[in-house]
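For reference, the structure discussed in these notes is given below.
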Amino acid sequence: MAKIIDGKEISRIIREELKEKTEELKKNGIIPALAVIQVGDNPASTVYVNNKKKACAEIGIESLSFHLPEDISEEELLSKIRELNDDPKVKGILVQLPLPSHISEDLVIETISPEKDVDGFHPVSVGKLLIGQKGFVSCTPAGVIELLKRSGIGIAGKECVILGRSNIVGKPMAVLMLRENATVTVAHSKTADLKEVCKRADILIVAIGKPKFLTAEYVKEGATVIDVGINRDENGKLCGDVDFQDVIDHVSAITPVPGGVGPMTITMLMNNCIEAVSL
């Protein structure tokens with residue numbers, strides 16, 4: 001019987017730990033503040049921003065919200081980021097993506113101070129991750145590591161295949177798994193013999209954005225499968241990149257969608273906000 005990795009419960013436990021940390025900081029007169037900038041009225045972005053505000057309130061982090069118009073100029077947005085960079089009260093800055101087409105996401109990310117880059121997207125943060133220095137780690141990959149560790153799934157010495165090579169998930173995930181002493185393969189749309197590559201994996205992490213793409217024929221018997229995808233199926237129901245029902249009888253552990261990796265992303269963002277105090 002496969003173990004269903006409960007991201008909601010693991011997230012709840014970590015948030016309780018983070019609450020204790022914020023209470024200790026407050027005793028020393030430190031109240032971490034997260035500044036969240038949203039440009040325009042993208043409905044999905046609004047949901048994500050509201051979820052981040054709720055998480056801040058739950059854990060005891062101050063939330064500063066800046067809702068800017070869709071037609072704001074790039075320079076005005078960069079000016080607001082620089083202002084927050086210079087505000088000692090603000091420990092973390094997050095600009096909700098995607099941005100309107102007239103604004104460069106790369107430039108926006110690079111303008112955020114690396115000391116306040118709680119999303120872990122700044123080139124300095126990525127560089128520190130690669131060479132093993134202390135710094136912010138992208139929230140979703142960091143959440144996957146916590147899911148594995150807190151579920152008692154060993155990483156060291158395991159064969160890990162990561163399906164997907166995005167800057168936000170695939171690439172940092174590969175570095176984190178290397179850091180945990182896994183043997184790592186990054187597979188993608190151009191990988192030859194993809195099924196055979198995936199079937200080597202003791203731990204298979206899937207982040208490609210294709211609903212129910214990964215079926216049992218890609219999975220080694222007894223593997224652990226981590227599904228990072230979040231999609232809608234033909235009936236409009238939430239689903240992952242993994243065909244859960246097809247795979248469940250062939251694995252030793254698996255994350256569901258929803259309720260697996262998803263809850264961990266904002267929780268690890270909160271963790272980064274608290275870590276920012278010591279950077």
Query raised in the report: Quick one: net charge of ASP202's neighbours, Cβ under 12 Å, K/R +1, D/E -1?
Result: +2
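Can you tell me the mean projection area, over all orientations, of the convex hull of region 66-124's alpha carbons? Units nm², please.
Details: hull surface 15.1 nm².
That works out to 3.8 nm².
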**Report entry** Spacing of the two label points (7 Å from each Cα toward its C-beta) at ARG179 and LEU68, in nm
**Finding:** 2.9
Requested in this report: Using label points projected 7 Å from each Cα along Cα→Cβ, tell me how many nm separate ASN50 and GLU159, to one decimal.
Outcome: 4.6
Query raised in the report: What whole-number value in cubic angstrom gives the convex hull volume per residue for the C-alpha atoms of region 28-115?
Result: 84
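Rounded to the nearest 0.05, what FRET efficiency do ASP246 and SER278 have when you use their Cβ-Cβ distance and R0 = 41 Å?
Working from the Cβ atoms, E equals 0.40.
Taking 20 °C and 1.002 mPa s as the conditions, I'd like the Stokes-Einstein D for region 162-279 in µm²/s, using the Kirkwood hydrodynamic radius from alpha carbon pairs. Can you show the working numbers first?
On the way: Rh = 15.0 Å.
Diffusion coefficient, whole number: 143 µm²/s.
Per DSSP helix of 4 or more residues, -39500 (n - 2.57); summed, then divided by the residues of the chain. What does that give at 222 nm, rounded to the nearest 500?
Details: 10 runs with 111 residues, N = 279.
The helix-only estimate for the chain comes to -12000 deg cm²/dmol at 222 nm.
Would you mind classifying region 16-78 by shape? Square roots of the alpha carbon gyration tensor eigenvalues, ordered a ≥ b ≥ c; an a/c under 1.5 is rounded, otherwise it is prolate if a/b is larger than b/c and oblate if not.
On the way: a/c = 4.90, a/b = 2.02, b/c = 2.43.
Because a/c hits 1.5 or more and a/b fails to exceed b/c, region 16-78 counts as oblate.
Name the shape class, rounded, prolate or oblate, that the alpha-carbon gyration tensor gives for region 225-279, where a ≥ b ≥ c are the square roots of its eigenvalues, rounded holds for a/c under 1.5, and otherwise prolate holds if a/b is larger than b/c and oblate otherwise. Display every interim value, and only then the final one.
On the way: a/c = 4.69, a/b = 2.03, b/c = 2.31.
The shape class here is oblate.
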Requested in this report: Report, in degrees rounded to the nearest 10, the 0 to 90 angle that the Cα long axis of helix 74-85 makes with the longest principal axis of the chain.
Outcome: 80
Query raised in the report: Among 184-197, 257-270, how do they line up from the highest to the lowest mean number of other beta-carbon atoms within 10 Å?
Result: 257-270, 184-197
Requested in this report: Just round it to a whole percent: the fraction of Cα-Cα distances in the chain exceeding 27 Å.
Outcome: 41
Query raised in the report: What residues have an amide H closer than 5 Å to that of HIS67, excluding those fewer than 5 places away on the same chain, when H is modeled at 1.01 Å from N in the peptide plane?
Result: GLN38
Report summary line: With R₀ set to 41 angstrom, the calculated FRET efficiency between the beta-carbons of HIS102 and LYS8, to the nearest 0.05, is 0.60
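Report the calculated FRET efficiency for ASP87 and ARG232 (r = Cβ-Cβ distance, R0 = 45 Å), to the nearest 0.05. Don't skip to the end; give the middle numbers.
Working: r = 39 Å, r/R0 = 0.86.
Step by step, r from the Cβ atoms, then E = 0.70.
Looking only at region 139-263, where both bridge partners belong to it, what percent of the DSSP beta bridges are antiparallel (to the nearest 5)? Present the calculation step by step, with values, prior to reporting the outcome.
On the way: 2 of 19 bridges.
So the antiparallel bridges amount to about 10 percent of the total.
Can you sort ILE31, ILE14 by how many other beta carbons sit within 10 Å, fewest first? Intermediate results must be reported in sequence, preceding the final value.
On the way: ILE31 14, ILE14 20.
With the sparsest Cβ surroundings first, the list reads ILE31, ILE14.
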**Report entry** Cα-derived Rg over Rh, computed across region 125-207 with Rh taken as Kirkwood radius
**Finding:** 0.96
Query raised in the report: For the chain, what is the percent of antiparallel DSSP beta bridges, rounded to the nearest 5?
Result: 5
Query raised in the report: Which of rounded, prolate, oblate describes region 76-179, given a ≥ b ≥ c as roots of the alpha-carbon gyration tensor eigenvalues and a/c under 1.5 marking rounded, otherwise prolate only if a/b is larger than b/c?
Result: prolate
Query raised in the report: What's the extension gain from PHE213 to LYS134 if we count 0.36 nm per residue and subtract their Cα-Cα distance?
Result: 24.9 nm
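Read-outs: derived from the displayed coordinates by stated rules, not from any lab. Everything quoted here is computed from the prediction, not taken from an experiment. Neighbour counts are summed over all protein chains in view; Cβ atoms, including those assigned to glycine, are modelled from backbone coordinates with ideal geometry.
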